[in-house]
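Undergrad: Okay, here's the structure, questions in a sec.
FYI, it's all coordinate maths here, none of it is from the lab. It should be emphasised that the depicted structure is a prediction, and the values quoted were computed from it without experimental measurement. Here the Cβ positions follow ideal geometry from the backbone for every residue, glycine too, while neighbour counts run over all protein chains shown.
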Amino acid sequence: MNNRSAWGGAAKKIALVGIAAATIECGKLALSFLPNVEVVTLLTALYGYVFGSLGILAALVFVCIEPLIYGVNTWVLLYFIYWPLVASVFWILGKMRVKNRWILTAVAILLTVFFGVLSALIDVGLFSGYFDNFWYRFTVYYLRGAMFYIIQIVCNATLFPLLFTFLADKLQKIKKNYRKM
């Protein structure tokens, strides 16, 4: 393999990660006027499912962009754990060739539920500064955000069965063309 083809491969990977991260960020910004209605889960899952480790890198680039727009707070740690996890879980599902839209939807919903739990654990457990009555405070904190988590769950329960397999097929075609270049 010569240097030219090695650089071409690296450039294609960088471009793919950049485009994927940009679509995640643009999708989030486009829907930001609707509280917790989001396509970030769908897009991150798709990129992990189809592009594997490059999808994880795209999730990490997305997470690095977010504090530049919104500033830094406890959610940054949440994002660095959660979004690469979503891409990783769907990478595994892609490697296992899971194509059943209801299984993929159920996984997305479970991950969305986990998002709320992880968010509450990080905010109450790591950043509150004390651990007295931890589970009581955790429950109050989690229930306070329940409406937002329910909206995210409904959003993903709608988007995944409607769009995931269709978009995954389209991305697979892009991946085949990407490899030919």
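Undergrad: Report, to the nearest 10°, how far helix 146-159 tilts away from the longest principal axis of the Cα atoms in the chain, using its own Cα long axis and a range of 0 to 90°.
TA: On a 0 to 90 degree scale, this one is about 30.
Undergrad: Shifting gears a bit: Report relative contact order for the range 70-149 in percent, whole number only (criteria: Cα-Cα under 8 Å, sequence separation at least 6).
TA: Relative contact order comes out at 35 percent.
Undergrad: Can I ask one more? For the chain, which longest stretch is free of loop sites, where a loop site is one of the chymotrypsin sites (Phe, Trp or Tyr not before Pro) that DSSP puts outside H, G, I, E and B and that has at most 12 other Cβ atoms within 10 Å?
TA: Formally, the longest exposed-site-free interval is 34-126.
Undergrad: While we're here: What is the sum of charges, Lys and Arg at +1 and Asp and Glu at -1, for the other residues whose Cβ falls under 14 Å from the Cβ of Ala58?
TA: +2
Undergrad: Neighbour counts of other C-beta atoms within 10 Å: give me Arg179, Arg101 arranged from fewest to most.
TA: Starting with the residue having the fewest Cβ neighbours, the order is Arg179, Arg101.
Undergrad: For every helix of n ≥ 4 consecutive DSSP H residues, a contribution of -39,500 (n - 2.57) applies; sum these over the chain, divide by its total residues, and give [θ] at 222 nm rounded to the nearest 500 deg cm²/dmol.
TA: -26000 deg cm²/dmol
Undergrad: Also: Quote the relative contact order of the chain in percent (integer), defining contacts as alpha-carbon pairs under 8 Å separated by 6+ residues.
TA: Taking the mean separation of contacting Cα pairs over the length of the chain, I get 25 percent.
Undergrad: Here's something else I'd like to know. Which of the lysines could be linked to Lys173 by a straight reach, that is with a Cα gap under 21 Å, when you skip same-chain ones fewer than 8 residues away?
TA: Cα-Cα hits under 21 Å: Lys12, Lys13, Lys95, Lys99.
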